[in-house]
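Enquirer: Sharing a structure with you now.
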Amino acid sequence: MKKHIIAVSVLALTAGVAMAQGVDTLAKIKERGAVNLGVRDSSGLAFTLGDGKYVGFHTEMAERIIDDLGKAAGKPLKVNYQVITSQNRIPLVQNGTIDFECGSTTNNLARQKDVDFAYTTYVEEIRILVKNNSGINGIPDLKGKTVATTTGTTSVQTLRKNKRAEGIDFKEVMGKDHADSFLLLEAGRADAFVMDGSILAANAAKSKNAKDYKMVGEPLSVEPIACMLPKGDAKLKKAIDDSIVRQIKDGSLAKLYDKWFMQPIPPNNVNLNMPMSEGTKAAWANPNDKPMEDYAAK
């Protein structure tokens, strides 16, 4: 019986390795003539304008990556936009529903066990968003308050880590997505919303009264954001990384950043006025796929 169990285990392990080595998303894309792209509908880097229109820094960057994949395939590729959430994005990459995603996903060691990441294209800071009249100016002021964040995001762990470190007791409420979390703050069911600074800025900018909100306190953490890919697909990773490097070198990615973070953006034509961080500049100067933990070690 033991020999049988060992044999089955070896076969399963061999099959798992073979599957990992046999992933060839580019071949599937070429045959299909289309890319199934994972996008977000309420992120700061990728959001929707409604009616199936998806925009934002990471969405447009992904479309340029797909243009490059099409050139390599010898034909233009259609884009099938698949809206993902913080909870389902990893399973949808793993099961092949989406070929890759470019939303607002943090590259960390835990996620690297299940998926791969392209080069970092945005280095994010986790911040606190409040209403101007809240009286909250940082973590200490959250004592006794209700704080919203989004289920399935790294901000949940960041929030709890700071909560323990500061010894401050506050109530946590979870939105199912970023729009839902912002609604908790907007409706007064939460006193603060903790999330990626770009997501906070974009949701405030899209709200009815954008000037009613402000970000307060020091950044709670610094996190590398990158497109997420199937685990073990070296060809796809190289193709996407090469496109990102091309966009950095020819200046088109910088122009894209200016368009989405330094100019008025739809739907309300609000300027987020978010100059490129030193972390993002460094990531572009030396393209890499280092996880969040490497940033925390500095």
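The values are calculated or read from the model by the stated rules, or taken from the named source; none is laboratory data. Owing to the predicted nature of the structure, the values given are computational and were not obtained by experimental measurement. Cβ sites come from the backbone with ideal geometry, for glycine too, and all protein chains shown count toward neighbours.
Enquirer: Search the range 179-205 for residues that are surrounded by 24 or more Cβ atoms within 10 Å (Cβ to Cβ) and pair each with any residue that is acidic (D, E) when their beta-carbon atoms are under 6 Å apart and the residues are at least 6 apart or on different chains.
Expert: Sorted first by the residue in the range 179-205, then by its partner, the pairs are D196/E124.
Enquirer: Go over the candidates I240, I248 one by one and state the one that is in contact with a Pro (Cβ under 8 Å, 6 or more places away or on another chain), surrounded by 14 or more Cβ atoms within 10 Å (Cβ to Cβ) and farther than 30 Å from V147 by Cβ. Before the answer, list the steps.
Expert: Values: I240 fails: in contact with a Pro (Cβ under 8 Å, 6 or more places away or on another chain).
The unique qualifying residue is I248.
Enquirer: Which residues, counting only those in the range 175-190, are under 16 Å from L142 (Cβ atoms) and either outside the structural domain of N209 (by TED's automatic domain parsing) or of a type outside the set (G, A, S) (or both)? Quick ask: steps written out before the conclusion?
Expert: Here is the first cut: in the range 175-190, the ones under 16 Å from L142 (Cβ atoms) are 181, 184-185, 188-190.
L184, L185, R189, listed by residue number.
Enquirer: P140 is checked against (1) under 26 Å from M276 (Cα atoms); (2) not in a loop (DSSP other than H, G, I, E, B); (3) not assigned by TED's automatic domain parsing to the domain that holds H58 and fails just one. What number does that condition carry?
Expert: (1)
Enquirer: Report, ordered by the first and then the second residue, all pairs with beta carbons closer than 7 Å, sequence separation of six or more or different chains, a first member in the range 128-142 that is under 14 Å from I168 (Cβ atoms), and a second member that is assigned to a helix (DSSP H, G or I) and among the charged types (D, E, K, R).
Expert: The qualifying pairs are I139/E166; P140/E166.
Enquirer: Right, next: Of all residues in the range 108-147, which are at pLDDT 95 or above, among the aliphatic types (A, V, I, L, M) and closer than 13 Å to I199 by Cα?
Expert: V123, I128, L129, listed by residue number.
Enquirer: If you don't mind, another one. Taking interchain pairs and intrachain pairs at least six residues apart, which have beta carbon atoms under 8 angstrom, with the first residue in the range 45-56 and without any contact (Cβ under 8 Å) to a residue 60 or more places away in the chain and the second assigned to a loop (DSSP other than H, G, I, E, B)?
Expert: Listed pairs, sorted by first residue: A46/R40; A46/G56; A46/C102; A46/G103; A46/S104; T48/D41; Y54/D41; Y54/A46.
Enquirer: Tell me whether the range 18-30 contains one or more residues that are within 16 Å of K231 (Cα to Cα), loosely packed, with under 11 Cβ neighbours inside 10 Å and modelled with pLDDT under 90.
Expert: Keep residues of the range 18-30 that are within 16 Å of K231 (Cα to Cα), which gives 18-28.
Add one more test, that the residue is loosely packed, with under 11 Cβ neighbours inside 10 Å, and what stays is 18, 22.
This time we only want the ones that are modelled with pLDDT under 90, so: 18, 22.
Yes.
Enquirer: Can you tell me which of A205, A226, A239, A234 is within 19 Å of the chain's Cα centre (by Cα), more than 20 Å from S181 (Cβ to Cβ) and either of a type outside the set (D, E) or not assigned by TED's automatic domain parsing to the domain that holds F100 (or both)?
Expert: A226
Enquirer: Every residue in the range 82-97 that is touching a Ser or Thr at 6+ places or on another chain (Cβ under 7 Å) and in a helix (DSSP H, G or I), please.
Expert: R89
Enquirer: Another question, if that's okay. Filter the range 94-115 down to the residues that are charged (D, E, K, R) and out of contact with any Phe, Trp or Tyr (no Cβ under 9 Å at 6 or more places or on another chain) and list them by number.
Expert: Hits for the range 94-115 are D99, E101, K113, D114.
Enquirer: Could you say which residue among V35, V79 is without any contact (Cβ under 8 Å) to a residue 60 or more places away in the chain, crowded, with 16+ Cβ neighbours inside 10 Å and either assigned to a strand (DSSP E or B) or touching a Phe, Trp or Tyr at 6+ places or on another chain (Cβ under 7 Å) (or both)? Explain how you work it out, then say what you get.
Expert: Details: V35 fails: without any contact (Cβ under 8 Å) to a residue 60 or more places away in the chain.
Result: V79 is the single residue among V35, V79 that is without any contact (Cβ under 8 Å) to a residue 60 or more places away in the chain, crowded, with 16+ Cβ neighbours inside 10 Å and either assigned to a strand (DSSP E or B) or touching a Phe, Trp or Tyr at 6+ places or on another chain (Cβ under 7 Å) (or both).
Enquirer: A follow-up question, please. Based on this model, can you work out whether G74 counts as small (G, A, S), within 28 Å of M274 (Cα to Cα) and surrounded by fewer than 19 Cβ atoms within 10 Å (Cβ to Cβ)? Spell out how you get there, then give the answer.
Expert: On the way: small (G, A, S): yes; within 28 Å of M274 (Cα to Cα): no; surrounded by fewer than 19 Cβ atoms within 10 Å (Cβ to Cβ): yes.
No, not satisfied.
Enquirer: Within the range 57-76, how many residues turn out to be in a loop (DSSP other than H, G, I, E, B) and closer than 24 Å to Y257 by Cα?
Expert: First pass over the range 57-76, keeping only residues in a loop (DSSP other than H, G, I, E, B): 74-76.
Those still in the list that are closer than 24 Å to Y257 by Cα too: none.
Residues that pass the stated criteria total 0.
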